[in-house]
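Just below is one structure, and these are the notes that go with it.
The values are calculated or read from the model by the stated rules, or taken from the named source; none is laboratory data. The structure presented is a predicted model; accordingly, all values stated were derived computationally and were not measured. Cβ sites come from the backbone with ideal geometry, for glycine too, and all protein chains shown count toward neighbours.
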Amino acid sequence: MTSKWKRSERVQIAVQKSGRLTEHSLALLTRCGLRLTQGADELLAVAENMPVDVLLVRDDEIPGLVREGACDLGIVGLNVAEEQRLGLESGQPAPGSIRSLAFGDCRLAMAYPRDGEAQKVSDLEGLRIASSYPRLTGRFLTESGVNAEVVPFSGAVELAPRLGRAEAICDLVSSGKTLAANQLREGETVLESRATLLLSPVELPAARKDWVDLLRRRMDGVMQAREAKYIMLHAPRAALPVIAELLPGSEAPTIMPLEGREDRVAVHAVCRESVFWETLEALKDAGASSVLVLPVEKMLE
């Protein structure tokens, strides 16, 4: 079937082909309205309803593809984007990080052998630190006033102290289970990371720019809706000021009369902050009843 869009109109998006961000990245694009069909080689997914191609590549390739204009957008961990940005030569344009996405949370952190001579960054003077992120690690050590050797290490970085390659490591940490299994203790945080959306610095043709802007707006809507909740409840009219104060992160709620009840109203509100059980119990204590909390699928302002 022939595409109704020209090649020059097609938006190219780079996404990690396998790893902790892949599933969430593809789910985000689907929630933005893309109907994706993945090719037999599983390295390209094509949208049936929009001029969008999704390239499935290694995460460390994504910043470069976006920087050079081969891809218009990219979704990658901030840790990867920052490591590569630090390696750019003076004057080289970097891809713009246009928004943080609400998934892929982790941290780049120092870690020390439990029985080692170094237990904090100030102990590392003259020692070796193994890391897959040597530039970020080196910057952290410089900012900490420590003169130490950073040993670039790919693969299982947590094995470096056991192999005698380093006295400490700097690696990504999520749950901390891998560190514990290798008798390592987590230390200082070097970088808080999560998935980030990158935009190419290369100027886009007008037709493609319109599609990129549309996708960006839809991603904003999906991200805004992620933590939002729609709350419906009944309340005494006299309690409305207190009820409105208790609704977390909401703008002016919608107030509607209840048939046959002059003293009570229905209250509907979109809350932009987390709604905890304590919030619902406080609403009930203020006189609310029939409290219903619903997820928000999408939001446009």
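Candidates in the range 85-98 are the residues that are closer than 27 Å to residue 217 by Cβ and not β-branched (Val, Ile, Thr); of these, the one that is surrounded by the most Cβ atoms within 10 Å (Cβ to Cβ) is 95.
Evaluating residue 151 against the criteria (1) assigned by TED's automatic domain parsing to the domain that holds residue 121; (2) outside any loop (DSSP other than H, G, I, E, B); (3) under 25 Å from the mean Cα position of the chain (by Cα) leaves one unmet condition, (3).
Residues are listed down the side, and each one gets a yes or a no for (1) modelled with pLDDT of 95 or more; (2) part of a loop (DSSP other than H, G, I, E, B); (3) in contact with a strand residue (DSSP E or B) (Cβ under 6 Å, 6 or more places away or on another chain):
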position	(1), (2), (3)
137	yes, no, yes
142	yes, no, no
147	yes, yes, no
170	yes, no, yes
187	yes, no, yes
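The set of residues in the range 269-294 that are in a loop (DSSP other than H, G, I, E, B) and either out of contact with any strand residue (DSSP E or B) (no Cβ under 6 Å at 6 or more places or on another chain) or of a type in the set (Gly, Ala, Ser) (or both) comprises 272, 273, 274, 276, 286, 287, 288.
Only one entry in 172, 199, 136 is under 30 Å from residue 70 (Cβ atoms), touching a residue at least 12 places away in the same chain (Cβ under 8 Å) and in the same structural domain as residue 29 (by TED's automatic domain parsing), namely 199. Listed here are the helices (runs of 4 or more DSSP H) enclosed by the range 9-117 that have at least 3 residues being over 16 Å from the mean Cα position of the chain (by Cα) and at pLDDT 90 or above: 62-68, 78-86. Scanning the range 216-231 for residues that are under 16 Å from residue 32 (Cβ atoms), touching an Asp or Glu at 6+ places or on another chain (Cβ under 9 Å) and not acidic (Asp, Glu) gives 221, 222, 224, 225.
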